[in-house]
């Protein structure tokens, strides 16, 4: 299905995928759809940037070699890494590839994403995505609660 003109409603859970490997794309897309997400895919780096700027995606998943030969050449990941937090805070950003150990916090921090997943564990991708999204939502809830208490005016 061509999702170029698909509308997003307030109740939808949008997800954006940036994959070069069709097999990985199919696995991840199927898992997200089972979790109730409305999935969009980006074919190129510029397509990703346009889509990301138009919709507040709840989940963004990038293959480490999306439109690139190496992780260092991945322009999409570089763009995400350079974005101000205000532009990407709404999304749980996950990086999938062969060079990561699943849920290694230091690797995720190094790549400026919320979680990394090793591609050899794609058979568990539904559960891994569920955990990554849940962990990020829990953190954001605590963060927003602390901000609310910090900036609320005391009752007199």
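At-a-glance table
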{"item": "Odd one out for residue 57 among (1) more than 15 Å from the chain's Cα centre (by Cα); (2) buried (at least 21 other Cβ atoms within 10 Å of the Cβ); (3) within 18 Å of residue 134 (Cα to Cα)", "result": "(1)"}
{"item": "So residue 60, is it closer than 21 Å to residue 139 by Cα, in a strand (DSSP E or B) and without any contact (Cβ under 8 Å) to a residue 60 or more places away in the chain", "result": "yes"}
{"item": "Every residue from segment 32-57 that is under 19 Å from residue 80 (Cα atoms) and in a helix (DSSP H, G or I)", "result": "45, 46, 47, 48, 49, 50, 51, 52, 53, 54"}
{"item": "Options 129, 122, 95; residue that is surrounded by 13 or more Cβ atoms within 10 Å (Cβ to Cβ), over 14 Å from the mean Cα position of the chain (by Cα), closer than 17 Å to residue 32 by Cβ and at pLDDT 95 or above", "result": "122"}
{"item": "Segment 81-90 - residue that is assigned to a loop (DSSP other than H, G, I, E, B), free of Cβ contacts under 8 Å to residues at least 40 places away in the same chain and within 15 Å of the chain's Cα centre (by Cα) and, of those, surrounded by the most Cβ atoms within 10 Å (Cβ to Cβ)", "result": "83"}
{"item": "Filter result for the condition that a residue is closer than 16 Å to residue 16 by Cβ and assigned to a helix (DSSP H, G or I), over 132, 108", "result": "132"}
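The values are calculated or read from the model by the stated rules, or taken from the named source; none is laboratory data. Nothing here was measured: the structure is a model prediction, and the numbers come from that model. Cβ sites come from the backbone with ideal geometry, for glycine too, and all protein chains shown count toward neighbours.
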